[in-house]
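The values are calculated or read from the model by the stated rules, or taken from the named source; none is laboratory data. Quick caveat, the model's predicted, so the values are computed rather than measured. Here the Cβ positions follow ideal geometry from the backbone for every residue, glycine too, while neighbour counts run over all protein chains shown. All accessible areas refer to the heavy atoms of the entire protein, side chains included, with ligands and DNA or RNA removed. Shrake-Rupley method; radii C 1.70, N 1.55, O 1.52, S 1.80 Å.
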Amino acid sequence: MTSTFPSISISTERLVLRPLEDDDVPALTEMMNDEQIVAWTDVRHPFSEAAARAWITRGAPAARAAGHGLTLAVTEFLTQRLVGVIRLDKTDWHVRSTELMYAIAPWARGEGYASEAALATARWLFHGQRLERIELRTAADNTAAQQVAQKIGCISEGVLRGACIARVRAEDGTWSEARTDYIVWSLLPEDLDGAEGQLADTGGFSSYPDWS
């Protein structure tokens, strides 16, 4: 029998991670059209409100029901505004592993939300879902995403050569595709102690903006 993630909410000091809702459509659409997210993800561009609504009502629920993954809106605790998205994919319930990706909206960068949301999700996966491995893949030139991986305690495992298609914006505003490498990172339950100690030493969550 296929396992699935529950429909849940995860709270931190500043954030609430919850399922996407219809009211998120405008903010999600704006976020996904941001230049940084277009550059480092395979999200369709331009990203329409219809695409956002389809993801919220069909795509995300179907992936959860099938046991493949989970999508969570990252919202501010005080304002309830959408500031990002956490997505789990390629979940293997036998191996107890999943791939974690995130995106932070341009209006919320500079607050350390990426590392805070990713670390909270990792804690929940390890302690609540009994997963044993989380994997992140970052484009070779996406240094911000690599810094988030390091900040939450991930270990770099190697390079997948030519495995990533990034997008580059020309001066005339058009986009073209460019092949680059993926850096593979892993996070195991025992890695969390080091991450939490490092965050305590630095006084909290540093800011890194991009999609991993």
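Being among the basic types (Lys, Arg), touching a residue at least 40 places away in the same chain (Cβ under 8 Å) and either exposed (fewer than 12 other Cβ atoms within 10 Å of the Cβ) or not in a strand (DSSP E or B) (or both) holds for only one residue in 53, 58, 44, 64, and it is 64. Reported count of residues in region 1-25, each being assigned to a loop (DSSP other than H, G, I, E, B) and in contact (Cβ under 8 Å) with a residue 12 or more places away in the chain, is 12.
Are any of the residues in region 158-173 in contact with a Leu (Cβ under 8 Å, 6 or more places away or on another chain) and open to solvent by less than 50 Å² (accessible area, probe 1.4 Å)? Among the residues of region 158-173, not one is in contact with a Leu (Cβ under 8 Å, 6 or more places away or on another chain) and open to solvent by less than 50 Å² (accessible area, probe 1.4 Å), which makes the answer no.
Among the residues making up region 1-39, those that are farther than 26 Å from residue 175 by Cα and of a type in the set (D, E, K, R) are 13, 14, 18, 21, 22, 23, 24. Residues of region 26-41 that are open to solvent by 20 Å² or more (accessible area, probe 1.4 Å) and either free of Cβ contacts under 8 Å to residues at least 24 places away in the same chain or in a helix (DSSP H, G or I) (or both): 26, 27, 30, 33, 35, 36, 40. Residue 117 meets each of the listed conditions (1) open to solvent by 30 Å² or more (accessible area, probe 1.4 Å); (2) under 24 Å from residue 188 (Cβ atoms); (3) out of contact with any helix residue (DSSP H, G or I) (no Cβ under 9 Å at 6 or more places or on another chain) apart from (1).
Which of the residues spanning region 124-141 are assigned to a helix (DSSP H, G or I) and buried (at least 17 other Cβ atoms within 10 Å of the Cβ)? Scanning region 124-141 gives 125, 126. Condition test on residue 23, is it touching a helix residue (DSSP H, G or I) at 6+ places or on another chain (Cβ under 7 Å) and open to solvent by 20 Å² or more (accessible area, probe 1.4 Å)? Answer is no for this residue.
Pairing residues of region 142-157 that are over 9 Å from residue 115 (Cβ atoms) and open to solvent by less than 80 Å² (accessible area, probe 1.4 Å) with residues that are at pLDDT 95 or above and in a loop (DSSP other than H, G, I, E, B), at Cβ distances under 7 Å and at least 6 apart in sequence or on separate chains, gives no pairs at all. The set of residues from region 114-137 being of a type in the set (Phe, Trp, Tyr) and at pLDDT below 95 is empty.
Checked against the criterion of being assigned to a strand (DSSP E or B), within 30 Å of residue 22 (Cβ to Cβ) and under 17 Å from the mean Cα position of the chain (by Cα), region 155-165 has no qualifying residue.
Return the residue satisfying two criteria in turn: it lies in region 174-195 and is assigned to a strand (DSSP E or B) and in contact (Cβ under 8 Å) with a residue 60 or more places away in the chain, and of such residues it is surrounded by the fewest Cβ atoms within 10 Å (Cβ to Cβ). The selected residue is 175.
One residue stands out among those in region 183-212 that are farther than 17 Å from residue 43 by Cα and among the hydroxyl-bearing types (Ser, Thr, Tyr): the one that is modelled with the highest pLDDT, which is 186.
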